[in-house]
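This report concerns only the one structure given below.
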Amino acid sequence: MFHSSYIEISKSALQNNIRFLKQQVGPNVTFSSVIKGNAYGHGIEVFGPLAQACGIDHFSVFSADEALRLQDALPRPATIMIMGYIDNPELEWAIQHDIEFFVFEPDRLTEAAKAAEKIGKPARVHIELETGMNRTGFSLSELEQLKTILQKCRPHVVLQGLCTHFAGAESYQNHERVMAQQQSFQAQRQALEERGLVPNQTHTACSAAMMGYRDTHMDMVRVGIMQYGFWPSPEVYSQYVSRQKDRTDPLQRLINWKSRIMSLKQVPQGEFVGYGSSFQAPRDMVMAVVPVGYAWGYSRSLSNQGQVLIQGQQAGVVGIVNMNVMMVDVTDIPNVQKEDEVVLLGKQGSQSISVASFSELSSQLNYELLTRLPLNIPRIVVA
């Protein structure tokens with residue numbers, strides 16, 4: 001094994017999740033698979049073709065570089081939509097390759113029209129409206145200017161979509177804010193349509209909004225974290241299962257992060273383990289050296305409190321997590337051997353290490369932990 005760890009991605013788990021999620025929105029709503037952040041750590045080049053094999057034909061990315069990576073990886077054409085960063089020099093490339101993209105500033109809309117006119121092919125844009133997130137989007141005061149530019153650019157710009165982004169649909173404490181955003185979106189949509197500017201698609205829903213606010217489904221939902229088997233928040237999960245007779249989690253995690261024991265070390269009682277003096281052996285102990293550290297996305301804040309799985313048993317991280325290795329206590333695991341499989345995240349036998357457990361111990365969101373998994377850890381598709 002040339003790499004010290006690898007990530008398994010389960011095809012059957014993805015098929016299960018997509019089936020469940022499509023049931024929530026019905027057959028007439030487009031399912032856009034959000035694969036920003038390196039497919040939430042699952043790997044764009046691996047996850048994209050896998051999702052396409054599972055019936056997905058619409059993808060949302062953050063930036064032009066992600067769109068290029070996905071386009072190169074997909075075995076068949078699919079709709080790719082850039083929701084965030086694209087430079088003016090990249091607009092011609094996007095238009096030429098039928099890449100759709102968000103527009104949230106007047107100058108970007110003008111530049112897109114120029115690029116489209118230059119290459120003789122219309123730009124397919126999604127106009128993002130500011131409704132209360134206060135991040136990106138045309139504000140109410142810019143609406144008249146937007147209407148004027150759209151009408152002027154009409155031969156060169158296809159109004160493919162009208163959209164917005166909710167500010168915290170995963171928490172009920174943001175309920176009033178989300179409802180106000182939805183009302184603002186509908187009012188601005190109506191104002192544009194009264195000027196003859198009717199989008200081909202309207203879309204506002206992320207995973208959390210899709211589950212908690214049925215009116216946000218519209219023509220398309222942008223599903224991120226849930227397709228990978230994770231709920232946007234415990235609150236969204238609780239709201240869902242409270243309405244079900246069967247309270248089994250319908251989602252399945254795709255990811256299993258694995259390594260192997262690099263070496264075994266006998267540590268006498270009273271000796272310190274690793275850098276500094278954060279752990280002193282209370283008894284004679286056996287330590288397993290695992291070739292994964294914070295350089296590989298295993299947070300240093302998990303020192304002396306993280307858990308891994310070896311031979312189907314939990315083994316605690318001991319001492320400070322190093323850049324490239326960490327030590328785990330295997331004293332009570334019989335017949336432990338060098339090269340034994342180590343599960344850092346995922347399942348082994350009847351036991352599992354969840355992203356939530358990482359998040360609780362390291363103060364990271366599950367989104368953050370997943371997307372911090374380095375690009376150069378190999379991702380392998382398994383059944």
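The values are calculated or read from the model by the stated rules, or taken from the named source; none is laboratory data. What you see is a predicted model, and the numbers here were worked out from it, not measured in a lab. Cβ atoms come from the backbone with ideal geometry, glycine included; neighbour counts cover every protein chain shown. Areas reflect the complete protein model, heavy atoms only, side chains present, ligands, DNA and RNA absent. Shrake-Rupley method; radii C 1.70, N 1.55, O 1.52, S 1.80 Å.
Under 5 Å between amide H atoms, partner at least 5 residues away or on a different chain: which partners does L345 have, H built in plane at 1.01 Å?
Amide H neighbours of L345, under 5 Å, 5+ apart: W257.
To the nearest 10 square angstrom, how much accessible area does C54 have with a 1.4 angstrom probe?
Roll a 1.4 Å probe over it and C54 shows about 30 Å².
State to the nearest 20 debye the size of the charge dipole of region 1-119 about its Cα centre, where the only charges are +1 on K and R beta carbons and -1 on D and E beta carbons.
Values: 9 positive and 15 negative charges, 126 e Å.
With only Lys, Arg, Asp and Glu charged at Cβ, the dipole is about 600 debye.
Past 32 Å, Cα to Cα, is the threshold; run K245/K347; K11/K114; K22/K152; K118/K147 against it and keep the listed order. Walk me through the numbers before you get to the answer.
Values: K245/K347 26 Å; K11/K114 42 Å; K22/K152 38 Å; K118/K147 22 Å.
Cα-Cα > 32 Å for K11/K114; K22/K152; rest within.
Considering only DSSP states other than H, G, I, E and B, which chymotrypsin sites (Phe, Trp or Tyr not before Pro) in region 265-295 qualify as loop sites with at most 14 other Cβ atoms within 10 Å?
Here the sparse-neighbourhood loop sites are Y275.
Just want the answer: with Cβ charges of +1 for Lys and Arg and -1 for Asp and Glu, which residue in Y40, F138, P27 is farthest toward the dipole's positive end in region 6-151?
Toward the positive end, the furthest listed residue is P27.
S354 to Q239: extension gain in nm, 0.36 nm per residue of separation minus the Cα-Cα distance? Intermediate values should be presented prior to the final figure.
On the way: separation 115, 0.36 × 115 = 41.40 nm, distance 2.06 nm.
Here the segment from S354 to Q239 would lengthen by 39.3 nm.
Restricting to DSSP loop positions (anything but H, G, I, E, B) with no more than 12 other Cβ atoms inside 10 Å of their own Cβ, which trypsin sites (Lys or Arg not before Pro) remain in region 113-217?
Numbers: sites: K114, K118, R124, R135, K147, K152, R177, R189, R195, R214; in loops: R135, R195.
Of the trypsin sites (Lys or Arg not before Pro), the ones in loops of region 113-217 whose Cβ has at most 12 other Cβ atoms within 10 Å are R135.
5 Å is the cut-off here: which amide hydrogens, built 1.01 Å from N in the peptide plane, fall below it relative to Y298, excluding neighbours closer than 5 in sequence?
Correct list: G293.
Which cross-chain or sequence-distant (5 or more) residues have an amide H under 5 Å from the amide H of L129, H modelled 1.01 Å from N in plane?
HN-HN under 5 Å from L129: F138, C163, T164.
Taking the Cα-to-Cβ direction at E341 and at E117 and moving 7 Å from each Cα, how far apart do the two end points lie in nm?
With each label placed 7 Å out from Cα toward Cβ, I get 6.1 nm.
How much solvent-accessible surface does M327 expose, in Å² to the nearest 10, with a 1.4 Å probe and all protein chains in place?
40
What order do S233, S301 take when sorted by accessible area (1.4 Å probe), most exposed first?
Values: S233 20, S301 50 Å².
Sorted by accessible area, descending: S301, S233.
Among [x] 159; [y] 132; [z] 117, find the value of volume of the Cα convex hull per residue in Å³ that was calculated from the structure presented, and write down its label.
Structure-derived value, by its label: [x].
Compute the Cα gyration tensor for region 61-179, then decide on rounded, prolate or oblate, letting a ≥ b ≥ c be the square roots of its eigenvalues: rounded whenever a/c is under 1.5, prolate when a/b is larger than b/c in the other cases, and oblate in all that remain.
On the way: a/c = 2.52, a/b = 1.28, b/c = 1.97.
Oblate, since a/c reaches 1.5 and b/c is not below a/b.
Sort H156, H203, H3 by accessible area with a 1.4 Å probe, largest first. Can you show the working numbers first?
Working: H156 55, H203 0, H3 80 Å².
Result, largest first: H3, H156, H203.
Choose one of P106, Q351, L91: the residue whose Cα lies farthest towards the positive end of the charge dipole of the chain (beta-carbon charges +1 Lys, Arg; -1 Asp, Glu; about the Cα centre).
Q351
With +1 on each Lys and Arg Cβ and -1 on each Asp and Glu Cβ, how big is the dipole of region 228-277 about its Cα centre, in debye rounded to the nearest 20? Intermediate results must be reported in sequence, preceding the final value.
On the way: 7 positive and 4 negative charges, 41 e Å.
Magnitude of the dipole: close to 200 debye.
Rounded to the nearest 5, what is the percent of antiparallel bridges among the DSSP beta bridges in the chain? Could the numbers behind the result be given before it?
Values: 30 of 62 bridges.
Taking every DSSP beta bridge within the chain, about 50 percent pair in antiparallel fashion.
Leaving out ligands, DNA and RNA, and with a 1.4 Å probe, what % of the accessible surface on region 159-292 is carbon or sulfur?
Working: 2840 of 6120 Å².
Here it works out to 46 percent.
State the extension gain, in nm to one decimal, for the chain segment bounded by K22 and E176, taking 0.36 nm per residue of separation less the distance between their alpha-carbons. Before the final figure, lay out the partial values.
On the way: separation 154, 0.36 × 154 = 55.44 nm, distance 2.68 nm.
Full extension from K22 to E176 adds 52.8 nm.
With +1 on the Cβ of every Lys and Arg and -1 on the Cβ of every Asp and Glu, and nothing else charged, how large is the dipole of the chain about its Cα centre, in debye rounded to the nearest 20? Intermediate results must be reported in sequence, preceding the final value.
Numbers: 33 positive and 37 negative charges, 123 e Å.
Here the chain has a charge dipole of around 580 debye.
Once label points are set 7 Å from the Cα along Cα→Cβ at both T136 and F2, what is their separation, rounded to one decimal in nm?
3.5
Over what distance in Å are the Cα centres of region 123-185 and region 241-283 separated?
Cα centres, region 123-185 to region 241-283: 44 Å.
Calculate, for the chain, the solvent-accessible area per residue in square angstrom, rolling a 1.4 angstrom probe over the heavy atoms of the protein chains. Numbers along the way, then the final one.
Numbers: 17260 Å² over 383 residues.
Per residue, the chain has 45 Å² of solvent-accessible surface.
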